[in-house]
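Nothing in this text is a laboratory measurement; each read-out follows from the coordinates by a stated rule. On a predicted model such as this, the values are computed, not experimentally measured, just so you know. Here Cβ is always computed from backbone atoms with ideal geometry, including for glycine, and neighbour counts include all displayed protein chains.
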Amino acid sequence: MFAISSVAGESGGDFYQLADVADSITPQIYVDSNDLPGVLRVAGDLAADFGRVLGSSLNGTVVKTDWAALSAKTSGAAPQSRPAIVLGSIGASKLLDGLAESGPLTGSLSSIRGKWETYVYQVVDNPWPGQDKALIIAGSDLRGAVFGAYGVSEQIGVSPWYWWADAPPTQRTHIAIRKSSSSNNATVFGPPSVKFRGIFFNDEAPALTGWGAANFKKSQYGSAFITEFYKHAFELILRLRGNYLWPAMWSSMFYLDDAQNGPTADLYGVFMGTSHHEPMARADKEQNRFLKGSWDWKSNKAGVQAFMKEGATRSKNWSTMYTLGMRGSGDAASATLTSALLEEVIHWQQQTLTTELDRPLADIPQQWVMYKEVPGYWQNGMNVSDDVTLLWSDDNRGNIRRVPIANETSRRGGSGMYYHFDYVGDPRNYKWINTIQLQKTWEQMTLAYHRGVQNIWLVNELPTAHIMALAWDVKSFDEPASTRQWLTEWCGRQFGPAAAENASAVMITYGTLVARRKYEDLSSTPFAFDTTNYDEARRNYAAWERLAVQAQALYDDDKLVPTAAKASFFEVVLHPVLAGKTVFEIYTKAALAPKYANEHRVSTNDLAKDVQAAFATDKALKSRYHTLLNGKWNHFMDQTHLGYNNWQEPGSDSIPKVTTLGSGSASGGVLGITVQGSTSVYPTASSLTLGTITPYTPAESQRWIDIFLRNTGTVAYHIVSNATYVTVSNAQQTLSSSATDARALVSVDWSAAPSGRSAASLTVSGDNGSSSATILVPLDKTAPPADFHGHVEADGVVSIEAYHHNGAANSTYVTIPDYGRTHSGVRLPPLTASQEPGKGPVLVYPFYTFSNAASPQLTVYLSPSENSNPTHPNRYAFSIDGADDLASSSSVTVVQPVPLANAGGEPSGWSQAVIAGAYVKTNKLGSSLTPGKHVLRVWLLEPTMVVTKLVLDVGGLKSSTLGPPESVQI
C-alpha cells in the first residue's frame, strides 16, 4: 500500500526517499511538455506542496521535458542526485509511453488505460540512464493524473482544506515513500464509485457574496465571482477528488462575469453545470438581461430556443454537464408547461446539443433535475432519451424523496442525487453554520448508491469532505462505524494526530445536538424542548454547556491543538460549538423565564440578563471570526440566524421577548420551593409531591427540589428527612442576592429502604419564621424476577433506545452509531430488499412493568426519512407478547408512519417532522397490559427507514420532544 514515512534514514530497501531537509533534497517532478495543460498546472501545485511541508525554500522543481531527452542519456551518465517523480496522463504523456515501452510500467498502465479518473502509483528502478529510481504517478485521464498528484500532497501532509479552512501543513524534515507490497510495486486508486461528484455554491448571499466583494474585483455585471475566486474552488474540488461544480447563481453569471471562468474550469478539469432551473448552461440572471420575450416555452418558443442554443454554443469546447428541462422564471413552477410540452423541450434540447457539439448524444453529459414539481411531469409519463441522467433530490432537509424504480434503473444515463446541506425555503431557511449530521448523510447516500444512484452526486456547500470521500469510494464506508473512523482520521489531518480522537468526539456530539433542532427553527412557538417534563430543556442545554467546555479545553491545550492549528480548529470545531451553545442559551433561558416568573423567582431577571449577554456573545463570536487571520474571512458569518418568524430569514438578528419580574414583592414570604416535573410552587401550595422513585429510575431523572428567593433579602433554609435512607444534597444553605437559587438532589439508600410501596417526607424550613413546606417522596422498591433481562418501567413508561434489542440470532439489523437525536439508529439490511411482516429479521425488546395499564400505547421514533420508493412506502410492524413469526402471533399491527405524497410534493406532517428531526408515531396496543414480563417485537419492513427510539406508555407518559430518558436495562 502506498504510504509516506517521515522518519529520517528510511530510504533504500522498502523506501524511496523523496525529500530531506538536512541535505536540502527535494524532488524533481518530470512532466511531458506536451501533456494536457491541466497536468502541467497540477505539477506546479505538487511542487509547491513539498515546500509547504518542508519549508518555503524547499519546493519541488517541475521539469518539463520529453522521453527522447531523458532516454538519450548514455548509460555512463552521472547519477542524478535528486529524487524523481514522473507525473502524466495516459495518451498525452510520451514519458509514460517511453517508460511503458522500456518495461517497468507496461502492466500498470494497461490496468488503468481507458478507465474513468483512475491513477496508479509505482516506484520503478532505473527509469532512464543516471536515475536509480522514480515514483510514477500515472492517470488514466486528466483528472486521474490530478487526483494522483493531490493524493501525494495529502499523504505528505497538505490538507485539501489548507486554504479554505486554514489547516496547517504537517511540518516534516524527511519524506520517503514506502513501496507497495504488490508484485510490481504498483497501487491503483479508482475508478470512483460515483462518476460525477460536485458541489453547488447555492444560497451564497449574504456571507459568500459579502466576502467575495471584499476580496475580488467585481465584474462589469457586479459579481465578485471571477476566475481568481473560482481557482480556489476548483482546486478544493479536485483535492477532494471531485469533478463537478454548479457555480454561484443568485446574482452571478458564470460565463459572463469573467471570460476566463469557462476556460479555467476546463483547464483544471472541472465539469461545469447549472442549477435545476437554468437549462443549457445559461444562468438565471442571463434570462433577465438577454432573453428576448418571456421565459415561456408555450408563448415564446423561438426566443427561448435562441437563448438556450447560445448556451450550448458558448460552452461546447469545455467540460460541461448540460441541465435539461425547464421550470418557470425565477426558480418557480411554470404556469404553462405540461408533460407533453416538457417532453418537447427536452427533445429539442438534445437535438440542439448533438448539432452544436457535433457529438453523439450518449457522449454528452446531461442531467434533468427531479426537483420540486418536476417529478410530477415525469410521473405522468414522458418519452425522454435514456441518455439524460435523472437527478433526483432530497426534501431540502437531508431526506431522499425518491430512488430509481422499475425501468429507471436500466437507463443509460443512470440516476443522480441533488442533496442539500443548506437551503432557502419552507419551513425555514438554514444557511448560517453547519447543522448536518454526517451519519445521516452516510445513511441516506449509501441507500441512494445501493439503489442505483451512481452517476451524479451534487451537494450544496458545507460538509463536502465527507460526502466527497463517500462518493469516491463507497465500499470503504461499508461499515456503519466508518463515518466515525473517517472523521477521526480527518481531524488528525486537519489539526494534528494528538487532537484527532477528542476533536472527532466533539464533532460527533455536535452532530447529535443539531439533529435535535436547527438554529433557525428554535424561534418556533411553543419552545422545542419542554421546560417541565423530563427536565428536557435544561438537560438539552446542559449538553451544549458540557460540549462547549470540552471544545474550549481542547482548543486551549497546546499539546493537543498546536498554535499553527488553532485558527483552523476555531473555524471548524470551536466556533460552531460556541455559537450553537450561545443560540441555545438564548432560546432556552427565554423559554424558562415564564416558568420562573410564575414561581416568582428573583432569578427570573437573571435569566433575562443572561439572554442579553448571550446575544452580545453571539455578536462577539461573529466579530472574532471576521477578524481572524487579519480578516481573511470577513463577512463569512454575516448570515442572520436569530428571530425567524416565517420561512424567510429576518433582516437582522433579534432575541425573543423575555419575561421579567416587576418591582413588586411576592406575597407569602421570601422563600419559594418547587420540585422536579411539577408546576406547583410553595407557598401557593404547602405540600409538594415528587414523582415516584424506584431502583430503576434513570439517572437522568434523579429527583430534585429547587429552593429560591421570591423577594430580595437573605434567608437560610434547611431540609430534614423523616427517613434515614432518604437524603438530599445541599441540605442547608443561605440564599442571598449572590446565590438566589439552590438545588437539592434526592437520593435513596435502597439497601435500607422498605420493600414494596412506601413514602418518605422532607421538610424544608427557612430561618425567617415562614412556615415549613412538606415534600412527599413516594418510593417503590419492587423488583422484577431474577431471571428477567430487559428494560424496566419507571414513571409509567418504558423507554428504549432502538439499538438495545436483545440481539436474537435472526436479528441482523444494522446499528448506525451516533445517529439521530439521542444515541443511534437501527436499519434493516440489505439496502435493496423489503420484507413482509414475520418473514424476516425481528427486533426483540423484553420489558417489565409494575403498572396495570388499561390503555397502553407504543410510540416509535423514526428518522424523518421519506417514502423514497413510492411502490414500497415505509412501514413497520409490531406485536406485544406474540412470537417472532407473525403468522402465529395473536396480535400484530402494521403501521405506515409517513403518508404517500403527490409527486413533487411533501407528505402530510413533513414540516413538523423535519423541524423536530423525527417522525413520531403513536399506536394503541389494542389490549391492557398487566404487571410482569412482556416482549415487544418490531419488524422494519423497508430499508428506507431508520428507527431510533421506542416508548411504551403504561400510564405515565408526559409530553416532550425527545421522549423520556432511556429506562434502566438489567
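Here are the numbers for the structure shown:
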read-out: Relative contact order [Cα under 8 Å, 6+ residues apart], region 771-847, whole percent; value: 33 percent
read-out: Using alpha-carbon coordinates, inclination of helix 142-156 to the longest axis of the chain, degrees; value: 60 degrees
read-out: Fewest-first sequence of 90, 586 by Cβ atoms within 10 Å of each Cβ; value: 90, 586
read-out: Between region 572-619 and region 207-262, the Cα center-to-center distance that results, in Å; value: 39 Å
read-out: Magnitude of the charge dipole, region 3-189, Cβ model with Lys/Arg +1 and Asp/Glu -1, debye to 20; value: 80 debye
read-out: Three-way shape label, region 918-963, alpha-carbon gyration tensor, a/c 1.5; value: oblate
read-out: Gyration tensor over alpha-carbon atoms, region 3-189, equivalent ellipsoid semi-axes in Å; value: 23, 20, 16
read-out: About the Cα centre, charge dipole magnitude for the chain (Lys/Arg +1, Asp/Glu -1 at Cβ), debye; value: 660 debye
read-out: For residue 259, net neighbour charge (Lys/Arg +1, Asp/Glu -1) across residues whose Cβ lies under 14 Å away; value: -2
read-out: Rg in Å to one decimal, and Dmax rounded to a whole Å, for the chain via C-alpha atoms; value: 32.0, 108
read-out: Charge-dipole axis of the chain as Lys and Arg at +1 and Asp and Glu at -1 on Cβ define it, positive-most pick from 723, 613, 36; value: 613
read-out: Estimated [θ] at 222 nm from DSSP helical runs (n ≥ 4, -39500 (n - 2.57)) normalised by residues in the chain, nearest 500; value: -8500 deg cm²/dmol
read-out: Environment charge at residue 115 (Cβ cut-off 15 Å; Lys +1, Arg +1, Asp -1, Glu -1); value: +1
read-out: Under 10 Å, Cβ to Cβ, from residue 230 - net charge with Lys/Arg +1 and Asp/Glu -1; value: -3
read-out: Lys/Arg +1, Asp/Glu -1 at C-beta; the chain dipole; positive extreme among 184, 455, 661; value: 661
read-out: Helix 536-556 vs. the chain, principal-axis angle (Cα, 0 to 90°, nearest 10); value: 50 degrees
read-out: Region 671-781 - Rg and Dmax from Cα coordinates, angstrom; value: 13.9, 44
read-out: Relative exposure of 878, 788, judged by other C-beta atoms within 10 Å (fewest first); value: 788, 878
read-out: Value of D in µm² per second that Stokes-Einstein yields for region 560-711, Kirkwood Rh from Cα pairs, at 37 °C (0.692 mPa s); value: 175 µm²/s
read-out: For region 791-953: span of alpha carbons on each principal axis (Å, largest first); value: 48, 31, 30
read-out: Degrees separating the helix 500-516 axis from the principal Cα axis of the chain, which is the longest one; value: 60 degrees
read-out: Order of 445, 382 under a 10 Å beta carbon neighbour criterion, fewest first; value: 382, 445
read-out: Overall form of region 873-970 per C-alpha gyration tensor (a/c, 1.5; a/b vs b/c); value: oblate
